[in-house]
Amino acid sequence: MTSMQKWLRIGATLMFGLFVAYLDRSNLSVTLPTITHDLNIDGATASIVLTIFLIGYAFSNIFGGVFTQRYDPKKIVILMVLIWSIATVFVGFTSSVYVILICRLVLGITEGIYWPQQSRFASDWFSDKERTQANSIIQYYGQFLALGLGFMILSPLDAAFGWRNVFIITGVIGIVVVVPLYITMLKKQEEAPYYRAPAPTEKTKLTLESLAEPPSYFLFLPTSLKGCCSGELRYGYPWLSILSAIPDSVKHWSVLCLI
């Protein structure tokens, strides 16, 4: 595989997949006002519907990291996209709040497992000099393109075809476009030029000391882990606002109020 083929087959393909993944995340934020009206959902329940994705996402990220060491990331990303796309389609056909909650939880769990696999692709297919750029293309270009263009795509769909069709369309894209694209374009892990099979290691008990630093008595977390959590909180909160609260607020703006 040439360098250009590598960037197209791995980098561009995963970038597009993440673009679709973020459409599946943000479709609820765009359609929530019409969903709450049609299904008589109160404000408290609507908040749970929005946040249950994050609950599943937070816990499943741990398992996603474990899976990167044990399974071929190609198989994992294909399976995760297929599962969350089916769950997204289900939302378009249901009138039950409980089914929507389950589907959004499934979306959070599967996307949480999916995310770490992208880093594994970058480390297996790109050299140390290329890896930063590869991670940027794979993880952030698709993400920011979806945040920038997603609402421009989904809002007209919601207005023209209704909220149910927004979920059906975004879910079907994952099933009939992303999954076949991944099957065709992505390569097996064993074919990657920088793949190293994990060496057998002795099983050790998971303790705070095993996380590489002495434990801090503040919340009993290592300093490095607290720093990562703090950074992710400052980074993630603005994007959570973009994905959830801002779309609903923008719908109530007018040109006159901006003058």
Practice prompt. Report the calculated FRET efficiency for residue 2 and residue 70 (r = Cβ-Cβ distance, R0 = 30 Å), to the nearest 0.05.
Written response: 0.50
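If packing is taken as the average count of other Cβ atoms within 10 Å, what order do 91-97, 156-162, 138-144 fall into, highest mean first?
Numbers: 91-97: 15.7, 156-162: 14.1, 138-144: 18.0.
Highest to lowest by the protection proxy: 138-144, 91-97, 156-162.
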Fill in: Segment residue 160-residue 140, extension gain: residue separation times 0.36 nm, minus the distance between their alpha carbons
4.2 nm
Item to complete: Obtain the nm distance between the two label points defined at residue 188 and residue 55 by a simple spin-label model: each point lies 7 Å from its Cα along the Cα-to-C-beta direction.
Response: 4.0 nm
Practice prompt. Mind putting together the pair-distance distribution for segment 68-116? All Cα pairs, 10 Å bins, whole percent per bin, short to long.
Written response: 27, 46, 21, 6
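Determine, for each peptide in 146-152, 120-126, the mean count of other beta carbons within 10 angstrom over its residues, then list the peptides with the highest first.
In descending order of packing, they fall as 120-126, 146-152.
When the Kirkwood radius is taken over all Cα pairs of segment 1-114, what Stokes-Einstein diffusion coefficient follows at 25 °C and 0.890 mPa s, in µm²/s?
Numbers: Rh = 15.2 Å.
Reported coefficient: 161 µm²/s.
Need the full-extension length gain, residue 127 to residue 94, defined as separation in residues times 0.36 nm minus the C-alpha distance. One decimal, nm.
7.3 nm
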Worksheet item: Measuring from centroid to centroid over Cα atoms, what is the spacing of segment 1-39 and segment 106-143 in Å?
Response: 13 Å
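We did not get these values from a lab; they are worked out from the coordinates using the rules stated. What you see is a predicted model; the values in this text were computed from it and never measured. Cβ atoms come from the backbone with ideal geometry, glycine included; neighbour counts cover every protein chain shown.
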